[in-house]
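Scroll down for the structure; my scribbles are underneath it.
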There are 2 protein chains.
Amino acid sequence: MSNSSNMQHPPTCLEITMEVHRVVPPPHKSTIQKLKTRLKETFFPDDPLRQFKGQPTTKKWILAAQYIFPVLQWGPNYSLKLFKSDIVSGLTIASLAIPQGISYAKLASLPPIVGLYSSFVPPLVYAVLGSSRDLAVGPVSIASLILGSMLTQEVSPTNDPGLFLQLAFTTTFFAGFFQASLGFLRLGFIIDFLSKATLIGFMAGAAIIVSLQQLKSLLGITHFTKQMSLVPVMSSVFHNTKEWSWQTILMGFCFLVFLLVARHVSMRRPKLFWVSAGAPLVSVILSTLLVFAFKAHHHGISIIGKLQEGLNPPSWNMLQFHGSHLGLSIKAGLVTGIISLTEGIAVGRTFAALKNYKVDGNKEMMAIGLMNMVGSSTSCYVTTGAFSRSAVNHNAGAKTAVSNIVMSVTIMVTLLFLMPLFQYTPNVVLGAIIVSAVVGLIDIPAAHHIWKIDKFDFIVMLCAFFGVIFISVQDGLAIAVGISIFKILMQITRPKAVMLGNIPGTDIYRDLHHYKESMKIPGFLILSVEAPINFANSTYLNERILRWIEEYEAEEDLKKHSSLQFVILEMSAVSAIDTSGVSLFKELKKTMEKKGAKLVLVNPLGEVMEKLQKSDEAGDFMRPDCLFLTVGEAVATLSATTKGQSSNHVV
Amino acid sequence: MSNSSNMQHPPTCLEITMEVHRVVPPPHKSTIQKLKTRLKETFFPDDPLRQFKGQPTTKKWILAAQYIFPVLQWGPNYSLKLFKSDIVSGLTIASLAIPQGISYAKLASLPPIVGLYSSFVPPLVYAVLGSSRDLAVGPVSIASLILGSMLTQEVSPTNDPGLFLQLAFTTTFFAGFFQASLGFLRLGFIIDFLSKATLIGFMAGAAIIVSLQQLKSLLGITHFTKQMSLVPVMSSVFHNTKEWSWQTILMGFCFLVFLLVARHVSMRRPKLFWVSAGAPLVSVILSTLLVFAFKAHHHGISIIGKLQEGLNPPSWNMLQFHGSHLGLSIKAGLVTGIISLTEGIAVGRTFAALKNYKVDGNKEMMAIGLMNMVGSSTSCYVTTGAFSRSAVNHNAGAKTAVSNIVMSVTIMVTLLFLMPLFQYTPNVVLGAIIVSAVVGLIDIPAAHHIWKIDKFDFIVMLCAFFGVIFISVQDGLAIAVGISIFKILMQITRPKAVMLGNIPGTDIYRDLHHYKESMKIPGFLILSVEAPINFANSTYLNERILRWIEEYEAEEDLKKHSSLQFVILEMSAVSAIDTSGVSLFKELKKTMEKKGAKLVLVNPLGEVMEKLQKSDEAGDFMRPDCLFLTVGEAVATLSATTKGQSSNHVV
């Protein structure tokens, strides 16, 4: 029978027994030391002070200054050659930033000029503080959408524009404050909880919501719902068919097609990036000329109207830190802050990886946060590094943050001298620009990839998507994050635990269900738990292990193999344990004893071993004959001893 | 140098290379099959239908009936001998249940008689449905406290006693409904989230809050705060010193000392369980006689007053499923339901483990839930298995649920004939009974044990304790649960990842920091990740691994060892992966290639392997030369190939 040969299996059983390796307790560490290590790994996993080690004091000061102002790092080596590249890319993104700035401000229900203000000051601040060389800073579609939709819930931008503007700046201040705090307190990992799946679903949903909002400008409807979600917007569109204006629709359709074709060309051939980069500005100029030439604003095409000339007025006196809307500002600041941070950091990391330099997440958060705090007192609303513009910036050959300065100066010139030119720009073109920009946020290949790899992630994605479309932007996001966290908790509550078997001819033990050639060893039940053992799963693990033992005993009754003598728990994958976990082992020990079997632990890790030892005053778990370094050694040693015993006792 | 000898290390390098074991993909399973397995492990980990397998149909019906009504299991074998034991224990717990029932009802701000009603019907229901043989069912202190404190926040029991009673019964109904639903939907694992540490802190805090409330009766104060937390109660006590009544204080002190001494005696010598079991009834009788004899109720000692005779009146017409207080009833029902369930299940499991029988958690939840739903329509409030009375029941020799029936009949007799006797029972004695009962909930040795084993659990305990004392019962609990879950999330966000070294003379690889004798292998970086890799930790792991590589390169520059060729990731402990985790591997692969090193995976588990394979269209990870079953084999094979190469190329 295969059993008997199996029983013999570990070929050099006694030899191995001779050189069994002891499980040693981990080197002693005091609670303070442990706390220090834990805190370091939690808050300083990137070890930012590493470069300071062993440097002379002057060098340390220079490094510190360079850490705070990355401009000091690359500034001294800045050359004319780099400047040439930066000026081209800077002008390119400026041509994109002007129409997008105006459009996104409208998306946030703010005056269009605020979008330009926001493209002037924040890039300057970022150029000094930021560590990414490719980030193009300015207002972005999703943050604009969230800001607008959250604030309009309480204050109407048409009835009370002054208060709305105050709230927008206050929200921007709080967004910046939260961003900077997250960075300063080194809590940057909080944005990791927005998983890729969540973001893909969220952004696709937001893109659709944003596009639907543009139906107002694209169809020329004047009475439009204030709500954001799919159902009221569609009903608003189809209940106001009388208001549709064919001139607007025709114009919108033509420019939308133009913009989408330009986008398509640039996507196909990245060298032609300037086609899609220049298209919005071309559309604005062309449409403005058309309106001006044909006096189209008298024929049902709505235009932006007169814009104020001049640079950003100060706005710190508009920040409101009291009153009934404070809660709303804080909440909106938190949501927009985290969302725009996620976008900014993700963009920064993407291009840093492409060009092989490093972006320090927490440092970037402080930079973006300070940028928004400064912005909030200079009439800017929430800004961050924008996906689309950063890509254009990168493709246009940006070398340093100087491209942001070039863009900023261009915007300044626009603000000072060119504002009258925008008076006749039709709103429909701004709508078309927004739609063509957000279409890129719907990433169907990525969604397909997620479906292929992980069905649960796909469900999370769908929740974010439909939550955003049918409920609200922030609720959709909250639901998706909640489900993601719930999934992690379920993985802990129902940890994987498998039965191991021996791969014949080796001392390797692997999952019986995965490695079909692996075999059970009579008298042994070898189990592996693959999660930290804690209060959330100790009851389950207890039941699961007892079930295995009962199943073994049931087979035993059918005389399939000899009675259970050892339950070996492979603990290599149990990374942590708490008091409930420790109790589990005590209970298991007791149960085993009642059944006449022995509980053997294999390779408990440092922390786990220490806690078991502390709780084990009687020295039950930590006896050398219950503790082995590998499953192979445990099986070899234990089967040798039982064989010895049975030959002595002649059972 | 030790390095060169180390390099040679795997002794039978080539031999092992010959018999390298392939990592095989796991056996194919469809998404439906996987979902089925996952659902089964989540909701039916105890496999309740196992016993039905392979049985004839009649037997299946009998088993099903026995499953629903455990009384059918033990009923047929019930004997006179068992009944003798049960009658003794039943009478013992009845003598405890009468004074405690009256006291706990007062704790919940309900009429004392409701406490007796609640000790009559629910035990009968439980005797038929419940599977524990030791549980003594009735009202308990903590659920009474929570019920009272939550309802008094909105409705005053003195100004509007009718509404208060209606809300209490409605809350009981919802508590029962939630309990039964948790069991029926097999969501019983939710109570596992109340960890032992949380419960110890929570119960100690609740015991103190309950005891403080008793200062009202113990000091004879008439104007007492309605609030529960420490500060208002203490201020209420010391601002009303004029109301203190020395007669009450003297009486309370004497009986409290008597009860505590009795408790102490029974704790020291478990055989004298009847001393503490009988003490409350003795106190009630003695104090009632004293009051009656000395007409003490005319001298400042407040008494219960006239109690209505007769059995439970029906109360289903008092349940309110509409109106402004519905939300409160549902919330209070949820909290009291879960808390009392936790107590009931824990008590049941404790005694089942002692007597070596099994209690099915989900089944018990349905029993307790139905018991409360029936109770809510027969004038009972929330009941469950009580810690203290079940211990007495067990010590008194209870064999089956018949002891609950005996207790119930005794209470019935009391309700029918003995109610006038309680008219002169002083409230101060009820206060003393409560204090002496809840003192046992403060478990200092357990707290000390937790401190010794796990400092973080201790913090969770303190949060629960101080939260209950200073904020409120439900907030303290919520804070503690929140922190426990946060800890689990932190373990995932910052998973343990260690560098492995070879234990000389073996092919075992273990944590370099734990096993001091283990040695690095030049050219190799061997890392082990000990957590599922997902969105919450992929960024961290990426940074952590890159830091290791940089540290290796820094050492390399100091010429300590040869250049990095292989990064081996030991994946045995990575139990799951999601799309973000898959992206991590792609990124790592790219980074390695830029550095001229190779990424090697060791023993990826079934699910992880499958997902990596699916995402890996180019076949990058799954090439046999990047995939090994053990670290030993990987190192042996790879160092053999590089040696071969280097001798060929003569580098």
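Restricting attention to the range B:231-257, report how many residues are under 34 Å from the mean Cα position of the chain (by Cα) and either closer than 15 Å to B:V392 by Cα or in contact (Cβ under 8 Å) with a residue 60 or more places away in the chain (or both).
The qualifying residues number 2.
Being within 12 Å of chain A (Cβ to nearest Cβ) and in contact with a strand residue (DSSP E or B) (Cβ under 9 Å, 6 or more places away or on another chain) is the filter here; which residues of the range B:512-521 pass it? Break it down stepwise before answering.
Initial filter on the range B:512-521 (within 12 Å of chain A (Cβ to nearest Cβ)): B:512-518.
Of everything in the range B:512-521, those that are within 12 Å of chain A (Cβ to nearest Cβ) and in contact with a strand residue (DSSP E or B) (Cβ under 9 Å, 6 or more places away or on another chain) turn out to be B:L512, B:H513, B:H514, B:Y515, B:E517, B:S518.
Here is a check on your reading of the model: is A:I191 within 12 Å of chain B (Cβ to nearest Cβ), closer than 25 Å to A:A367 by Cα, touching a residue at least 24 places away in the same chain (Cβ under 8 Å) and hydrophobic (A, V, I, L, M, F, W, C)?
Considered against the rule, which asks whether it is within 12 Å of chain B (Cβ to nearest Cβ), closer than 25 Å to A:A367 by Cα, touching a residue at least 24 places away in the same chain (Cβ under 8 Å) and hydrophobic (A, V, I, L, M, F, W, C), A:I191 comes out as yes.
Of the conditions (1) surrounded by fewer than 24 Cβ atoms within 10 Å (Cβ to Cβ); (2) modelled with pLDDT under 90, B:A127 fails just one. Which one is it?
Against the list (1) surrounded by fewer than 24 Cβ atoms within 10 Å (Cβ to Cβ); (2) modelled with pLDDT under 90, B:A127 comes up short only on (2).
Specify the residue that is farthest from A:A446 (Cα to Cα); the eligible residues are those in the range B:590-605 that are of a type outside the set (A, V, I, L, M), more than 10 Å from chain A (Cβ to nearest Cβ) and assigned to a helix (DSSP H, G or I).
Step by step, filter the range B:590-605, then rank; the result is B:K595.
Can you tell me how many residues in the range B:76-123 are within 19 Å of B:E309 (Cβ to Cβ) and either acidic (D, E) or in contact with a Lys or Arg (Cβ under 9 Å, 6 or more places away or on another chain) (or both)?
3
Out of everything in the range A:194-206 that is touching a Ser or Thr at 6+ places or on another chain (Cβ under 8 Å) and within 14 Å of chain B (Cβ to nearest Cβ), what residue ends up being surrounded by the most Cβ atoms within 10 Å (Cβ to Cβ)?
A:A197
Quick check on my filter: what residues within the range B:461-503 are charged (D, E, K, R) and within 9 Å of chain A (Cβ to nearest Cβ)?
Across the range B:461-503, the qualifying residues are B:K487, B:R494, B:K496.
Mind listing whichever residues of the range A:223-263 are under 23 Å from A:P99 (Cβ atoms) and out of contact with any Ser or Thr (no Cβ under 8 Å at 6 or more places or on another chain)?
A:S245, A:Q247, A:I249, A:L250, A:F253, A:C254, A:V257, A:V261
Given the criteria more than 8 Å from chain B (Cβ to nearest Cβ) and buried (at least 18 other Cβ atoms within 10 Å of the Cβ), does A:L564 qualify?
Criteria met by A:L564.
Please list, ordered by residue number, the helices (runs of 4 or more DSSP H) wholly in the range A:1-82 having 3 or more residues that are modelled with pLDDT of 75 or more.
Values: elements: A:2-8, A:13-18, A:31-43, A:57-68, A:71-74.
It comes to A:31-43, A:57-68, A:71-74.
Within the range B:213-227, is even one residue touching a Cys at 6+ places or on another chain (Cβ under 8 Å) and either small (G, A, S) or more than 26 Å from B:D443 (Cα to Cα) (or both)?
No, there is no match, as no residue in the range B:213-227 is touching a Cys at 6+ places or on another chain (Cβ under 8 Å) and either small (G, A, S) or more than 26 Å from B:D443 (Cα to Cα) (or both).
Quick check on A:A352: is it in the same structural domain as A:S119 (by TED's automatic domain parsing) and either at pLDDT below 90 or among the polar types (S, T, N, Q) (or both)? Working first, answer last.
Working: in the same structural domain as A:S119 (by TED's automatic domain parsing): yes; either at pLDDT below 90 or among the polar types (S, T, N, Q) (or both): yes.
For A:A352, the condition - in the same structural domain as A:S119 (by TED's automatic domain parsing) and either at pLDDT below 90 or among the polar types (S, T, N, Q) (or both) - is met.
Taking the condition at pLDDT 85 or above, assigned to a helix (DSSP H, G or I) and either of a type in the set (S, T, Y) or not assigned by TED's automatic domain parsing to the domain that holds B:K216 (or both), does B:T410 pass? Write out each step before concluding.
Values: at pLDDT 85 or above: yes; assigned to a helix (DSSP H, G or I): yes; either of a type in the set (S, T, Y) or not assigned by TED's automatic domain parsing to the domain that holds B:K216 (or both): yes.
Yes: the conditions hold for B:T410.
How many residues does the range B:37-49 hold that are surrounded by 13 or more Cβ atoms within 10 Å (Cβ to Cβ) and either touching a His at 6+ places or on another chain (Cβ under 9 Å) or more than 17 Å from B:G188 (Cβ to Cβ) (or both)?
Of the residues in that region, 1 qualify.
Only one residue in A:V574, A:V608 is at the interface with chain B (Cβ under 9 Å from one of its Cβ atoms), within 30 Å of B:T198 (Cα to Cα), buried (at least 22 other Cβ atoms within 10 Å of the Cβ) and modelled with pLDDT of 85 or more. Which one? Quick ask: steps written out before the conclusion?
Details: A:V608 fails: at the interface with chain B (Cβ under 9 Å from one of its Cβ atoms).
One residue alone meets the criteria, A:V574.
Among the residues of the range B:325-336, are any under 29 Å from B:P426 (Cα atoms) and surrounded by fewer than 14 Cβ atoms within 10 Å (Cβ to Cβ)? Outline the logic, then answer.
Kept after step one, since they are under 29 Å from B:P426 (Cα atoms), are these residues of the range B:325-336: B:336.
Then drop every residue that is not surrounded by fewer than 14 Cβ atoms within 10 Å (Cβ to Cβ), which leaves none.
Within the range B:325-336 (the criterion being under 29 Å from B:P426 (Cα atoms) and surrounded by fewer than 14 Cβ atoms within 10 Å (Cβ to Cβ)), the answer is no, since none of the residues qualifies.
Kindly indicate the residue of the range A:233-278 that is of a type in the set (V, I, T) and under 18 Å from A:T92 (Cα atoms) and also surrounded by the fewest Cβ atoms within 10 Å (Cβ to Cβ) among those meeting that condition. Give the steps one after another, and end with the answer.
So in the range A:233-278, the residues of a type in the set (V, I, T) come out as A:233, A:237, A:241, A:248-249, A:257, A:261, A:265, A:275.
With the extra rule that they be under 18 Å from A:T92 (Cα atoms), the set shrinks to A:265, A:275.
Values: A:V265: 14, A:V275: 18.
The extreme case among them is A:V265.
For the range B:448-537, which strands (runs of 3 or more DSSP E) that fit wholly inside it have 3 or more residues that are under 18 Å from A:S575 (Cα atoms) and touching a helix residue (DSSP H, G or I) at 6+ places or on another chain (Cβ under 7 Å)?
Result: B:497-502, B:524-529.
How about the range A:25-63: which of its residues are of a type in the set (A, V, I, L, M, F, W, C) and under 30 Å from A:R623 (Cα atoms)? Lay out the reasoning, then the answer.
Of the residues in the range A:25-63, the ones of a type in the set (A, V, I, L, M, F, W, C) are A:32, A:35, A:39, A:43-44, A:49, A:52, A:61-63.
A:I32, A:L35 - these are the residues of the range A:25-63 that are of a type in the set (A, V, I, L, M, F, W, C) and under 30 Å from A:R623 (Cα atoms).
For the subset of the range B:429-460 comprising residues that are more than 30 Å from A:M609 (Cβ to Cβ), crowded, with 20+ Cβ neighbours inside 10 Å and not small (G, A, S), which member is nearest to the other protein chains (Cβ to nearest Cβ)? So that I can check it myself, show each step before the final result.
So the first thing to find is which residues in the range B:429-460 are more than 30 Å from A:M609 (Cβ to Cβ), and the list is B:429-442.
Among the residues that remain, those that are also crowded, with 20+ Cβ neighbours inside 10 Å are: B:429-438, B:441.
After this cut, where a residue has to be not small (G, A, S) as well, the list is B:429-430, B:433-435, B:438, B:441.
Numbers: B:V429: 38, B:L430: 35, B:I433: 31, B:I434: 29, B:V435: 28, B:V438: 23, B:L441: 18 Å.
That would be B:L441.
For the structure I just gave you, tell me whether A:A180 is away from every other protein chain (no Cβ under 14 Å) and within 30 Å of A:P45 (Cβ to Cβ).
yes
Within the range A:522-530, is there a residue that is within 13 Å of chain B (Cβ to nearest Cβ), surrounded by fewer than 21 Cβ atoms within 10 Å (Cβ to Cβ) and among the small types (G, A, S)?
no
The values are calculated or read from the model by the stated rules, or taken from the named source; none is laboratory data. Everything numeric in this text was worked out from a predicted model, so none of it was measured. When we count neighbours, we look across all protein chains shown, and the Cβ atoms used for this are built from the backbone with ideal geometry, even at glycine.
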